[in-house]
Each structure stands twice: as C-alpha cells, then as structure tokens.
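Down below is the structure, laid out as structure tokens.
The values are calculated or read from the model by the stated rules, or taken from the named source; none is laboratory data. All figures in this text were calculated on a predicted structure; none of them were measured in a lab. Glycine gets a Cβ as well: all are built from the backbone with ideal geometry, and neighbour counts include every protein chain shown. Ligands, DNA and RNA are excluded from the accessible area calculation, which covers all protein heavy atoms including side chains. Shrake-Rupley method; radii C 1.70, N 1.55, O 1.52, S 1.80 Å.
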Amino acid sequence: KAAAFIGDHLANHPDKPFMMYYCSPQVHLPHTPPVDFEPNADGTPGSPPNVPVAGSTGGSNIADMIYELDLQVGRILNKLDDPNGDGDFSDSILTNTLVMFTSDNGGLGTDRSLPGEDYDSTGILKGWKAQMEEGGHRVPFVAMWPGKIETNSVSDQLICGHDWVGAMYALTTNSMAADQAMDCANILPILLGEQDENIPVHEFMIHQSQNSQTYP
C-alpha cells in the first residue's frame, strides 16, 4: 500500500512533494513471521512468484521478521528509484527524497524471549525496552538524502524520534504551533552537516515510561 501510494501520487500530483509516514508491523511480539512476503488473508502462501519469509533465514523467528522488514524497506526504496518498475531509472525520485529509518524503543529484554529464541537484542548496551539505560532507548536512526546528506557520515548528536517533526516543518518552511510537538527539535542542520557537533540539539531529554527502574 505504501508503494501504491507513491505511484498514485506521482500519477496524479507529479509536480508536488509528498510526505509518507510508514509504520512497519514488524518486528514485535509474538514473533510470528508470515509464510511469505505477500500471503493470502488466511495466512496461506500468496500467488507466485512470492518471497518466502518464515524459515527463510535458517535462524530464529525474529531473524525471519527482520528479513521481512528488509523486504518492506526494499519495496519502498525500489518504488522511489523505479516508479514504473520498468528498469528505467530516468524517472527516479529517490535522489530527491529524504528517507529516515528508525525504531520506537530499545530492545526486548532477554527475560521475554520465547522458547528457542536465544538472542540479546541490545548487545553490549545495559538495560532494555522502557528502562533508563541506553539499552532501553538507544535505537537505530538512519537518514538518506542523496546529494544533501554526506554518504557514510555519522553524527553523535543525541536526538529523539519525534525530532523528524521539526525537520518536516523546516523543510516546508512552515511555523509550528506552540502546542505541537513541544519537545521536538529541528534536526535538519544536523542531517545536512550545517551544525557543529559540539552544539547539542536538546538542552535536556525527557524519559517517560511505565518501567523506568534501573538495574545494577
């Protein structure tokens, strides 16, 4: 549906920009990867050629679900790069599109893993989802904007997921109402390499959680 939205927009509003907020249904409990990438409504395999998902990685259910997420992101990026799907990239809009990829919270605690799911999603980071330590809130954040964001550049700025809201207002040159996203910041200067890394984006951060206890 996300790819279809992009195609519909290009067909009906080719001269106008668009903003799409895509929330993937994966990766989350109960860790049940679908049989393939586009299964039927009853869960049976979809029409071929389709891409198998469950059991495809040879690892855990979580690994299969991460693979499905990769397929989702790939489908969207391919639609941006080849809108007509004809192999001709002359109509690509990927080079003129800001893409941001992130997650909503830290990794799942090992105490909540399912039988046979031997993994540690936070690695060397202390804590897990909803806790104050980095394992509870540090997540991937990747931004791509060819020609605008330097390739393979890395920033150590501390940002929040909702900071993309400030960036969208800045991109559209609109003023944000005082009661909207009050604790977000415009991270566009960071993405574009226009702000010194020593100048923090936020003066302070707020952590709100139903499970904010710390562990030794």
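What value, in deg cm²/dmol to 500, does the helix sum -39500 (n - 2.57) over DSSP H runs of n ≥ 4 give at 222 nm once divided by the residues of the chain? Write out the running numbers ahead of the final one.
Values: 5 runs with 49 residues, N = 216.
Calculated mean residue ellipticity at 222 nm is -6500 deg cm²/dmol.
I'm spelling it out carefully: the read-out is Cα extents along the principal axes in Å, the candidates are [x] 72, 32, 29; [y] 65, 53, 34; [z] 53, 52, 33, and one was derived from this structure. Which label?
Step by step, Cα extents along the principal axes in Å for this structure corresponds to label [z].
Return the single residue from Asp179, Asp64, Asp36 with maximal mean-square fluctuation; model: Gaussian network over the chain, springs between Cα atoms under 10 Å.
Asp179
Can you tell me the accessible area per residue over the chain, all protein chains present, probe 1.4 angstrom, in square angstrom?
It amounts to 66 Å² per residue over the chain.
Using alpha-carbon pairs under 8 Å, 6+ residues apart, how would you state the relative contact order of the chain in percent?
13 percent
For Thr44 and Ile199, what does the FRET efficiency come to when R0 = 35 Å and r is the distance between their Cβ atoms, rounded to the nearest 0.05? Don't skip to the end; give the middle numbers.
Working: r = 55 Å, r/R0 = 1.56.
The value I calculate is 0.05.
Of the accessible area of the chain, with the probe set at 1.4 angstrom, what percent is carbon plus sulfur?
Roughly 53 percent, rounded to a whole number.
Determine which lysines satisfy two conditions relative to Lys16: a Cα distance under 21 Å, and not lying fewer than 8 residues away in the same chain.
Lys1, Lys79, Lys148
Mean projection of the alpha-carbon convex hull of region 1-88 over all orientations, in nm²?
Average of the hull's projected areas for region 1-88 equals 6.9 nm².
Taking 7 Å along the Cα-to-C-beta vector as the label spot, tell me the Glu134-His13 distance in nanometres, rounded to one decimal.
4.1 nm
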